[in-house]
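Take a look at the structure below.
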Amino acid sequence: MIADFWTALVGQDFWWVLLLKSAFVVLFLATAFAYLTLAERKVSARIQLRYGPNRVGPFGLLQPAADGLKLFFKENAAPAGRDRFLYLLGPSLAGGAAMLAFAFIPFGDNNWFGYAFHWGIANANVGLLFILGVTSLGVYSLFLGGYAANSKYSLLGGLRSSAQLISYEMAVAFALMGVVILSGSLNVTQIVGAQQPLWFVVLQPLGFILYFTAAFAETNRLPFDLPEAETELVGGYHTEYSSMRFGLYFLGEYVNMVTVCSIATALFLGGSLPLLPFHPFDWIPGPIWFLGKVMLLLFVMIWVRWTLPRLRYDRLMNFGWKVLLPLGLLNIIITGTVVALRA
C-alpha cells in the first residue's frame, strides 16, 4: 500500500534523486530571488532613465550578495510585547509555503544516456489542488506577522492583507477552472500534455488574463500592494521585522512571483512545450523553454509595477468581487457549455 502510494506520488525515482531534485529547486529559487531583485532594480532604472545598481561587481551583478550580507548582519530587533512563537512563524510560512508549491510543478523532461529524467519532484492527480492550498498559506503568514508584533500599524496591514488575499484567492481558483475543464484533470503534468496541439492561452484568453491579474494581488505587487502600502502604513504587516526575518518576507514575495509565473506557464503557455513543435525549435530542451516563458512573465510583472499607480482600497476590493469573480464564473459557464456541446 505504502509503496503504491509512493510510486503514484513521485514515480519510480529513488530517494536520493528526489533529494537532489529538492536541493536543486531550493537553490534555484534562492538564486532566482536574489537576481530577481537585481532585475527589478535594473528594469525600474531603465524605465525611469537611471543606471540602477552598477558598483558592486561587474555591471552590479554582486549587488544581491551585498544586500544579503547587509540583511544578515543587521540588528535583529523585535518588540518586547510580541507573541514569540507566532512572531517567528509568520516569516517562516512566507518563505516555506512559496517554495513548497514547486513540488508539483513540472519543468520538463530530458532523456540522458537512456534514462528519462523528469524535472519535477512529485506528480499527483491532485497536484493543482495542492498548489492552490499551499499558496493560500501566504494569508496566514501576513496576518500572523501583523498580529504577533503587537503594533497597531502592523495589525492594520495584516487585516488588509487577509481581506485582499482571501478575496483574490477565489478569483485565482475560478480563473483556473476553465483549464481543468478542458484538460479533464488536476494533474499539472497531464494539463501540460493536453496542450500539445494548442496552448490553453489560445483557448482560455479570458482565464489567462483573469489569473495573471489576480496574481498581482496574490503577490502584493503594484497596483495591488495595499498589504504594504508604505506611504500609508509605515511598512504594513512587516513593520516590526528586521534582519533576516524581514528577509524571509522579502524572499516570500519574490519566490511567489516565480511561483505564479510558473503556474501560468504550466497551465496556459504549454509548460516545457516548444513554441513550435517542429525544427528548428524541437532541439531546445524543455526546461529552457519553461524558464524562458517564466522570465518573460516576470518581466511583465516588473514592467506593470513601475508603470501603474496603486489602486484605492475600496476600488481594489470592488475590482476583485465585482469584476474578476463574475468574469471567472462567466468563463467557467462558457467553457463548460462548449465542452458539453462538443462531447
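The values are calculated or read from the model by the stated rules, or taken from the named source; none is laboratory data. Small disclaimer: the values here were computed from a predicted structure and weren't measured. Every residue, glycine among them, receives a Cβ derived from its backbone with ideal geometry; neighbour counts consider all protein chains shown.
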Step by step: first the residues of region 162-200, then only those that are without any contact (Cβ under 8 Å) to a residue 24 or more places away in the chain and not in a helix (DSSP H, G or I), then the one that is surrounded by the most Cβ atoms within 10 Å (Cβ to Cβ). Which residue is that? ALA194
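Name the residues in region 233-274 that are under 19 Å from the mean Cα position of the chain (by Cα), over 15 Å from ARG221 (Cα atoms) and polar (S, T, N, Q), would you? Don't jump to the end; show me each part of the working.
We begin by selecting, within region 233-274, every residue under 19 Å from the mean Cα position of the chain (by Cα); these are 246-272.
From the residues that got through so far, the ones that are over 15 Å from ARG221 (Cα atoms) too are 246-248, 262-272.
Once the filter is applied, which keeps residues that are under 19 Å from the mean Cα position of the chain (by Cα), over 15 Å from ARG221 (Cα atoms) and polar (S, T, N, Q), region 233-274 yields SER262, THR265, SER272.
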Among the residues of region 130-142, which ones are crowded, with 23+ Cβ neighbours inside 10 Å, more than 11 Å from the chain's Cα centre (by Cα) and not hydroxyl-bearing (Ser, Thr, Tyr)? LEU142
Only residues in region 127-139 that are more than 18 Å from LEU267 (Cα to Cα) and touching a residue at least 12 places away in the same chain (Cβ under 8 Å) count as the first member; pair them with residues that are crowded, with 17+ Cβ neighbours inside 10 Å and of a type in the set (Ser, Thr, Tyr), Cβ under 8 angstrom, at least 6 apart or cross-chain, and list the lot. VAL139/SER161; VAL139/SER162
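With the requirement that a residue be over 18 Å from ARG305 (Cβ atoms) and either touching a helix residue (DSSP H, G or I) at 6+ places or on another chain (Cβ under 8 Å) or not aliphatic (A, V, I, L, M) (or both), what does region 46-63 give you? Spell out the reasoning first.
Restricting attention to region 46-63, the residues satisfying the condition of being over 18 Å from ARG305 (Cβ atoms) are 51, 54-63.
Matches in region 46-63: TYR51, ASN54, ARG55, VAL56, GLY57, PRO58, PHE59, GLY60, LEU61, GLN63.
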Sole exception among (1) of a type outside the set (S, T, N, Q); (2) in contact (Cβ under 8 Å) with a residue 40 or more places away in the chain; (3) closer than 21 Å to LEU159 by Cα for VAL255, by number: (3)
Hits in region 302-329 - residues which are under 20 Å from SER167 (Cα atoms) and either touching a residue at least 12 places away in the same chain (Cβ under 8 Å) or hydroxyl-bearing (Ser, Thr, Tyr) (or both): ARG310, LEU311, TYR313, LEU316, MET317, GLY320, TRP321, LEU324, LEU325, LEU327, GLY328, LEU329
Filter result (in contact with a Phe, Trp or Tyr (Cβ under 8 Å, 6 or more places away or on another chain) and among the polar types (S, T, N, Q)) within region 76-110: ASN110
When you scan region 49-62, do you find a residue that is in contact with a Leu (Cβ under 9 Å, 6 or more places away or on another chain), surrounded by 13 or more Cβ atoms within 10 Å (Cβ to Cβ) and in a helix (DSSP H, G or I), even just one? yes
What do you reckon, is PHE85 exposed (fewer than 15 other Cβ atoms within 10 Å of the Cβ) and out of contact with any Ser or Thr (no Cβ under 8 Å at 6 or more places or on another chain)? yes
Of the residues in region 88-113 that are assigned to a strand (DSSP E or B) and surrounded by 13 or more Cβ atoms within 10 Å (Cβ to Cβ), the one that is modelled with the highest pLDDT is ASP109
Any hit, region 29-36, residues being out of contact with any Pro (no Cβ under 8 Å at 6 or more places or on another chain), surrounded by fewer than 15 Cβ atoms within 10 Å (Cβ to Cβ) and farther than 26 Å from ALA101 by Cβ: no
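Just name the residue that is farthest from MET99 (Cα to Cα) out of those in region 123-158 that are hydroxyl-bearing (Ser, Thr, Tyr) and assigned to a helix (DSSP H, G or I). Spell out how you get there, then give the answer.
If we filter region 123-158 for residues that are hydroxyl-bearing (Ser, Thr, Tyr), which is where we start, we get 135-136, 140-141, 147, 151, 153-154.
Checking which are assigned to a helix (DSSP H, G or I) leaves us with 135, 140-141, 147, 153-154.
Working: THR135: 9, TYR140: 15, SER141: 14, TYR147: 24, TYR153: 28, SER154: 25 Å.
Taking the candidates together, the pick is TYR153.
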